[in-house]
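*Asks:* Below are the structure tokens for one structure; questions will follow.
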Amino acid sequence: MSIPYRNFRLKVDELKSTFGEVKGLDISVGYIVEEWEEPPGPTPFPSIATLRTWDHILLNRYKPLYLPYCDLCCLCTYGRCDLSRGKRGSCGLSLSEQQSRLVTLVCAIGASTHASHARELLERLKIRHGEDTPIDLGGEVYVEMPITRLVTGVKPRTLRDLEIVLDYVEKQIVQTLASVHTGQEGDWIDYESKVLHLGMLDHVAMEVADVVQIVSLGMPKADPEAPLVHLGIGAIDITKPVILVIGHNVLPSAAIIDYLESLGIRDKVEVCGLCCTAHDITRYEKKRAKIIGPMSWELRFIRTGIPDVIIIDEQCIYTNLLEEVRKINAVLIATTDKAMRGLPDRTYADPDTVVEELVSGKISGAVIFSEEQTAEVAVKTALKLAPMRIKYKWGLLSKDQIIEYAKKCSRCRNCERNCPQNLPISTAMTIAAKGDISALAILYRRCFACRRCEYDCPRGIPILSLILASAKETMGEEIYKCRVGRGAIQDTEIRAVGRDIVLGTIPGVVAFVGCANWPDGAQDVAKMAREFASRRYIVVASGCSAMAIAMFKNEEGKTPYEEFSGAFEAGGIVNVGSCIANAHISGAVIKIANIFAKLPLRANYAEIADYILNRVGAVGVAWGAMSQKAAAIASGFWRLGVPVIVGPHGLKYRRMLLGDRDKDENWHVYDAMTGERIYGGPAPEHLFYAAESFEEAMVMIPKLCIRPADTPQGRAIKLTNYISLYKRFYGNDKLPPDIHYFIRTEADIPITYKDEVMTYLKEVGWKEKPVTPNPTLLKEVIEKYKMRRKGIKI
Amino acid sequence: MALEYWLRGDIPPGPIKAIVLTDIKRVVEIMKRYRNSSIILLGSQITKLEEIVGEKVVEKFVDIANAINSEIITSNSKTVKILDSIGFKRYRIMFPLEIVQKLSRNSLKYKMLVTLAGFRYAYGWLLLNSLKHYGPGIYTLSLDPYAQPNATWTLPSLPLQIWIKNLSRLIEMLKAPS
């Protein structure tokens, strides 16, 4: 693809001609992005094919293990086609290709959602704050927007500079999505390459979105000491009117805060959020706004009857929310054309008239596209409606009502058969029918309130309401502290830890990201985060996972955000913010290559990704990954060389990317200094992995932080963590059976386990393996090393 | 319900579906046929099933493994502790995805039986579908209380108490001299 500098600029310092002399002529037609000091890299604004070679290197090592959800294809009218056991469809596609095609589609949905979010923020905030608003991410952030610089080669200085970045992302998403049409791409590896391309675009879009809101809305700028705010249903003061905001686009919520402040009544109204809007409203206000919880807390909270007015913006909002809102006699305001929910458009109506319509029940909700109008209607409605809704607050079923409903249960087990968690609902109902509701209350922790049980109950029992009412006490006790999302990582922080990460003496960076589809409840994420922070990994978090980390208290009653530092350092737990803030995690990894290793950043994607894959021990953990966005985020990490572990529900993404440690030829690298091709070992062993259980993830995390470039000391530290966690779960007398693959020389062996490991190595006939501090998968990097050694500018 | 696969949303519209074995004698026949060439995979939920039914489910699978000379493969720490405590040696700790990867990529020369139990339903469902399409030499048998459509053979969806009785009957019949 050509560089999309579509406009024209003529700059002449001095020209002498027969017509006369010209000095300092500078003519611009349209908008030109300023040049920057770093020389252009090899791949500015990459198209689908530009990074294909890098993708194929990755995908030949980490081949898909397909786990088809469906054996058919039903995307065109030639079908449905049976693709089972080697058969092909009418168009020629095989089952494997169809899975890769569907993953491409899923990631296109995810990437376009972030791109659309970014576009909306950019357009609105450009109008409000001016297109010359500078990209200033804080005093200690000198390399702003590393992903954008890496991918496009543009160093954005103002909001206006982000236009061509988003233009590029949008065009590429359309181009890639078109490949999913019948009769386009026809090979799994090129579909998977497109998945990686979409992931990369997704990270650019996320970075644009989050940077736009940070610089325009005064969100924390790389602040390790961002304030702590309240999280949890129990934190809400129900004596006040309650406005609940749900989704991902903070603008309507921010307008509500501004409106309340302008009236001087901010302390009279509770504003609380669910999902990523909750993170962002606390990043905006930094004091009073509260987080209820992740997206799966939506129905939990709404069924308590506490919210008076519910504002929805975009993404991950229950699509029949209006039905639930009507049950509690609250009102719903939709604020984006992406989710209007059949409501009447009242954007241009007089706000007081709309308030009247809502309070009187004439309409149960409205679409209002103007943020200011939304804010006025929401606040006025909440103030009027709250006193009329007192009876609904905490209006859950009584114990007697629960028991009566439980007695109606016919034990058909339809609820269980429709529960994605396979919760033992029927058993709990049997116990409840006898007067003991404790078994129902236990289900609360693992239930993510999808209501599939209710939809399939032949007796019409409101099963979710029964579970919630049984756990009323638990819900009321949900009061935690969450650190406000801090945004980017400082360059100074990267400088301080870069060396230790690359050498392995900080054993890894573990990023807890993604949605709330946890197999056994939120607290598992908190347990993992605490464990790895205690082991001096750098723990970062975003989105619903960052909320889950808050939902745990130690013996002293402190949440992990109170217990650990918020700095990007060994033993820190860093909340970067909402899911678009994931860009700061990939950005930090890129900055390690750029700031610490001094690799050129500008449009130099493959070299940086190769560096990360081989040297930066980072792993993403999306324990509750659910959405298409999560798939796109993960694929952006893969292309950068960062493996991702998902929870058991993540297997539904249809294929994993697994390395095969027994195939030695897959694990060869070049020594960048000598050009020699040597065995680098299975590190990281997998690129995308769905763990079935908590303990499997806990063992897999340290393993996937191992990198070929680890120093012996670093490797020994990483193996200490791997072995000790393995022993904790499987017994002190056991060693991981694959440990010999990761020991190159005796110096890699952790001192604590030396004798035991040596005995095992003898048993399996282990032999020493080569060690290189400069592994690479790219031949061109060898050449670059030579040229750099000779001082030649590349 | 017994002849239907378990989870409603996951019933595939696919053309190759498991045979639901309602007669335990058929299960015995199949397992005996693959004596010495089978493995048993136990998932993370097997010990949760133990808690719910109040029976030593893992030990039942040890009996089955002994009867057909099969290895048990698991990554569930509680299961490992049980196996150690009863002195069962013929087991390996291995993650389910890695064993499925091995089974489907190392196109085996001989036919073998992979028996699964105790996996989260959808997780097991997808592992089985991978083996169905990409492990042509592999036959799969689900011994979970929830019928699995992507296995070659599966037990029916039955209440847990009946399922546990069926497992006991299966063990008796496997142990009985043929």
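*Asks:* Report the Cα centroid-to-centroid distance between segment A:89-153 and segment A:366-403 in angstrom, as an integer.
*Replies:* Value for the Cα centre distance between the two parts: 35 Å.
*Asks:* Okay, next question. For segment A:45-73, list residues with backbone N below 19 Å from a point placed 7 Å from the Cα of A:Lys779 toward its Cβ?
*Replies:* Taking a point 7 Å out along Cα→Cβ of A:Lys779, the residues of segment A:45-73 whose backbone N falls under 19 Å are A:50-61.
*Asks:* Among the aspartates and glutamates, which have Cα under 18 Å from the Cα of A:Lys754 when same-chain residues fewer than 8 positions away are ignored?
*Replies:* A:Asp733, A:Asp738, A:Glu746, A:Glu763, A:Glu768
*Asks:* Could I ask something else about it? Could you check the spin-label model distance between A:Thr18 and A:Arg495? Points 7 Å from the Cα along Cα→Cβ, value in nm.
*Replies:* Computed distance between label sites A:Thr18 and A:Arg495 equals 5.7 nm.
*Asks:* For segment A:229-388, what is one quarter of the convex hull surface built on the Cα atoms, given in nm²?
*Replies:* 7.7
*Asks:* For segment A:410-469, what is the relative contact order in percent, using Cα pairs closer than 8 Å and at least 6 residues apart in sequence?
*Replies:* Result for segment A:410-469 is 34 percent.
*Asks:* Continuing with the same structure: What chymotrypsin sites (Phe, Trp or Tyr not before Pro) in segment A:253-353 are in a loop by DSSP, with at most 14 other Cβ atoms within 10 Å of the Cβ?
*Replies:* Loop-located and lightly packed - A:Tyr348.
*Asks:* For an R0 of 60 angstrom, estimate the FRET efficiency from the Cβ-Cβ distance between A:Glu35 and B:Arg105 and round to the nearest 0.05.
*Replies:* Efficiency for this residue pair is about 0.75.
*Asks:* Can you run phi through the Karplus equation (6.51, -1.76, 1.60; θ = phi - 60°) for segment A:763-768 and list ³J(HN,Hα) in whole Hz, with x for Gly and Pro?
*Replies:* Going residue by residue, I get 4, 8, x, 5, 10, 4 Hz, with x marking Gly and Pro.
*Asks:* Follow-up. Which entries in the list A:Lys338/A:Lys362; A:Lys734/B:Lys32; A:Lys240/A:Lys434 go over 30 Å, if you measure between the two C-alpha atoms of each?
*Replies:* A:Lys734/B:Lys32; A:Lys240/A:Lys434
*Asks:* Could you put A:Cys74, A:Cys81 in order, starting from the residue whose Cβ has the fewest other Cβ atoms within 10 Å?
*Replies:* Going from sparsest to densest Cβ surroundings: A:Cys74, A:Cys81.
*Asks:* Determine the relative contact order of chain A: mean sequence separation of Cα pairs under 8 Å and six or more apart, normalised by residue count, in whole percent.
*Replies:* Answer for chain A is 14 percent.
*Asks:* Can you pull the one-decimal nm distance between simple spin-label points at A:Glu763 and B:Asp84, each 7 Å off the Cα toward Cβ?
*Replies:* 1.3
*Asks:* Which of the aspartates and glutamates could a cross-linker span from A:Lys779 if the Cα-Cα distance has to be under 20 Å and same-chain partners fewer than 8 positions apart are dropped?
*Replies:* A:Asp55, A:Glu607, A:Asp610, A:Asp664, A:Glu665, A:Asp671, A:Glu676
*Asks:* Given 10 °C and 1.306 mPa s, compute D for segment B:57-178 with the Stokes-Einstein relation, Rh being the Kirkwood radius over Cα pairs; round to the nearest whole µm²/s.
*Replies:* After rounding, the answer is 105 µm²/s.
*Asks:* PRE reach from A:Lys793 (point 7 Å along Cα→Cβ): which of segment A:130-144 fall under 17 Å by backbone N?
*Replies:* none
*Asks:* Still on this structure, please answer the following. Could you tell me the number of lysine pairs in segment B:52-178 with C-alpha atoms less than 19 Å from each other, where the two lysines are 8 or more residues apart or belong to different chains?
*Replies:* Lysine pair count for segment B:52-178: 17.
*Asks:* Please give the length that would be gained between A:Ser398 and A:Glu261 if that part of the chain were fully extended, namely 0.36 nm times their separation in residues minus their C-alpha to C-alpha distance (nm, one decimal).
*Replies:* Answer, rounded to one decimal: 45.5 nm.
*Asks:* Still on this model: Looking at segment B:51-141, which chymotrypsin sites (Phe, Trp or Tyr not before Pro) are DSSP coil and have at most 12 other C-beta atoms within 10 Å of their C-beta?
*Replies:* Those that pass, being in a loop and sparsely packed, are B:Tyr110.
*Asks:* Considering only C-alpha atoms, what is the centroid distance from segment A:640-683 to segment A:308-330, in Å?
*Replies:* Taking the Cα centre of segment A:308-330 as reference, the centre of segment A:640-683 is 44 Å away.
*Asks:* Same structure again: Is it possible to state the helix-based mean residue ellipticity at 222 nm for the protein assembly as shown, with each DSSP H run of 4+ residues giving -39500 (n - 2.57), the sum divided by total residues, to the nearest 500 deg cm²/dmol? What is it?
*Replies:* Using -39500 (n - 2.57) per qualifying helix, the result is -13000 deg cm²/dmol.
*Asks:* Label 7 Å along Cα→Cβ of A:Cys76; segment A:169-197 residues with amide nitrogen under 15 Å?
*Replies:* Residues passing the 15 Å test: A:178-187.
*Asks:* Across every pair of different alpha-carbon atoms, what Kirkwood hydrodynamic radius in Å does the protein assembly as shown reach?
*Replies:* Kirkwood radius, the protein assembly as shown: 29.6 Å.
*Asks:* Quick one: A:His129, A:His248, A:His584, A:His649, fewest Cβ neighbours within 10 Å first, how do they rank?
*Replies:* By the 10 Å Cβ count, ascending, the order reads A:His129, A:His649, A:His248, A:His584.
*Asks:* Let me have the relative contact order for segment A:229-388, percent, based on Cα pairs under 8 Å that are six or more residues apart.
*Replies:* 27
*Asks:* Here's another thing I want to ask about it. What FRET efficiency do you get for A:Asp664 and A:Ala439 if R0 is 41 Å and r is their Cβ-Cβ distance, rounded to the nearest 0.05?
*Replies:* Efficiency, from the Cβ-Cβ distance: 0.20.
*Asks:* 5 Å is the cut-off here: which amide hydrogens, built 1.01 Å from N in the peptide plane, fall below it relative to A:Phe512, excluding neighbours closer than 5 in sequence?
*Replies:* Amide H neighbours of A:Phe512, under 5 Å, 5+ apart: A:Val540, A:Ala541, A:Ser542, A:Val621.
*Asks:* For segment A:410-469, what does the convex hull of the Cα positions come to per residue, in cubic angstrom?
*Replies:* 68
*Asks:* Kindly state, to the nearest 0.05, the FRET efficiency for A:Thr711 paired with A:Glu123, given R0 = 51 Å and r defined as their beta-carbon distance.
*Replies:* E between A:Thr711 and A:Glu123, to the nearest 0.05, is 0.60.
*Asks:* Another one. Please list, by residue number, every one of the GluC sites (Glu not before Pro) in segment A:159-262 that is coil in DSSP and has at most 14 other beta-carbon atoms within 10 Å.
*Replies:* A:Glu225
*Asks:* OK, next. In debye, nearest 20: dipole of the protein assembly as shown around its Cα centre with unit charges on the Cβ of K, R (+) and D, E (-)?
*Replies:* The dipole of the protein assembly as shown has a size of about 2780 debye.
*Asks:* Related question: Please list, or write none, the lysines whose alpha carbon is within less than 19 Å of the alpha carbon of A:Lys155, excluding same-chain residues fewer than 8 places away.
*Replies:* A:Lys126, A:Lys221, A:Lys591, A:Lys598
No lab work stands behind these numbers, since they all come straight from the coordinates. The shown structure was predicted, so the numbers you read here are calculated from the model rather than taken from an experiment. Because the Cβ atoms are built from the backbone with ideal geometry, glycine has one as well, and the counts that use them run over all protein chains shown.
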